[in-house]
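Okay, structure first, notes after.
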Amino acid sequence: MPDLRLEQDCEGLVAGIDEVGRGPWAGPVVAAAVILDPASLPDDLTGTIDDSKKLSAAKREDIAARLCHCARIGIGAATISEIGTLNILGATFRAMERAVTALGIVPDMALVDGNRAPALCCPVRTVIKGDSISLSIAAASIVAKVTRDRIMTRLAIRYPDFGWERNAGYGTAQHRAALERVGVTPHHRKTYAPIAALLNARY
């Protein structure tokens with residue numbers, strides 16, 4: 001389970017940063033930055049926060065709602081156009097930059113999940129598998145996942161064939177079948193190989 005040991009090794013305000021949505025065929029990439037307040041963090045919440053992939057959707061929603069009362073949260077996203085222009089890594093870094101800006105304060109340190117460091121307004125420490133190690137990174141993974149899932153659920157109302165409310169834009173069988181039947185939407189990542197191949201075949 002993640003804990004606060006990495007945060008306690010740093011001085012000052014520490015933001016955990018994580019992203020969601022690098023792999024899907026559709027939708028934005030979303031990042032969250034979270035600064036936890038240990039003094040107001042309930043013990044039961046501390047014991048519940050984990051890598052978002054290990055939690056149910058209902059549990060993620062509950063944790064995200066509770067974090068609003070004991071953490072400073074910033075959320076950033078990068079658009080389909082930016083993913084196409086910057087590539088997915090560049091777009092991910094752009095989303096992280098926006099998430100830190102949205103905090104409204106400059107952290108003294110950012111703990112970033114992964115092994116690549118974005119250029120932020122503060123020092124950065126990368127943490128491989130950080131959402132399983134750092135409580136603030138795990139919290140950020142939950143907030144980012146909840147935010148992006150909500151975006152894809154709203155888009156699913158406009159584009160019901162793709163099942164985005166269930167697959168969040170990932171390349172499931174339903175998503176692939178809908179692409180063949182309905183075609184590419186403005187929210188698809190046209191530089192991604194499956195989408196590019198379909199476009200080339202049609203046009």
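Name the single residue that is most open to solvent (accessible area, probe 1.4 Å) among those in region 59-72 being at pLDDT below 95 and more than 17 Å from Leu13 (Cβ to Cβ). Among residues in region 59-72 that are at pLDDT below 95 and more than 17 Å from Leu13 (Cβ to Cβ), the one most open to solvent (accessible area, probe 1.4 Å) is His69.
Summed over region 19-64, the residues that are more than 16 Å from the chain's Cα centre (by Cα) and assigned to a helix (DSSP H, G or I) give a count of 10.
Yes or no, residue by residue, for (1) of a type outside the set (Phe, Trp, Tyr); (2) open to solvent by less than 70 Å² (accessible area, probe 1.4 Å); (3) touching an Asp or Glu at 6+ places or on another chain (Cβ under 8 Å):
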| position | (1), (2), (3) |
| --- | --- |
| Ala15 | yes, yes, no |
| Pro24 | yes, yes, no |
| Gly27 | yes, yes, no |
| Ala31 | yes, yes, yes |
| Ala39 | yes, no, no |
| Gly74 | yes, yes, no |
| Met96 | yes, yes, yes |
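For region 171-186, taking the residues that are touching a residue at least 24 places away in the same chain (Cβ under 8 Å) and in contact with a Phe, Trp or Tyr (Cβ under 7 Å, 6 or more places away or on another chain), the one that is surrounded by the most Cβ atoms within 10 Å (Cβ to Cβ) is identified as His175. Of the residues in region 125-134, at least one is within 23 Å of Leu55 (Cα to Cα), crowded, with 16+ Cβ neighbours inside 10 Å and of a type in the set (Ser, Thr, Tyr). Residue count for region 101-140 satisfying the condition of being basic (Lys, Arg) and either within 12 Å of Leu13 (Cα to Cα) or out of contact with any strand residue (DSSP E or B) (no Cβ under 6 Å at 6 or more places or on another chain) (or both): 2.
Of all residues being of a type in the set (Ser, Thr, Tyr) and closer than 19 Å to Ile151 by Cβ in region 175-203, which is farthest from the chain's Cα centre (by Cα)? Just the residue, please.
Among those residues, the one meeting the criterion is Thr185.
Reported count of residues in region 148-170, each being in a helix (DSSP H, G or I), open to solvent by 30 Å² or more (accessible area, probe 1.4 Å) and touching a residue at least 60 places away in the same chain (Cβ under 8 Å), is 2.
The values are calculated or read from the model by the stated rules, or taken from the named source; none is laboratory data. From a predicted model like this one, the values you see are computed outputs, not experimental measurements. Glycine also receives a Cβ, built like all others from the backbone with ideal geometry; neighbour counts cover every protein chain displayed. We work out accessible area using only protein heavy atoms, side chains counted, and drop any ligands, DNA or RNA first. Shrake-Rupley method; radii C 1.70, N 1.55, O 1.52, S 1.80 Å.
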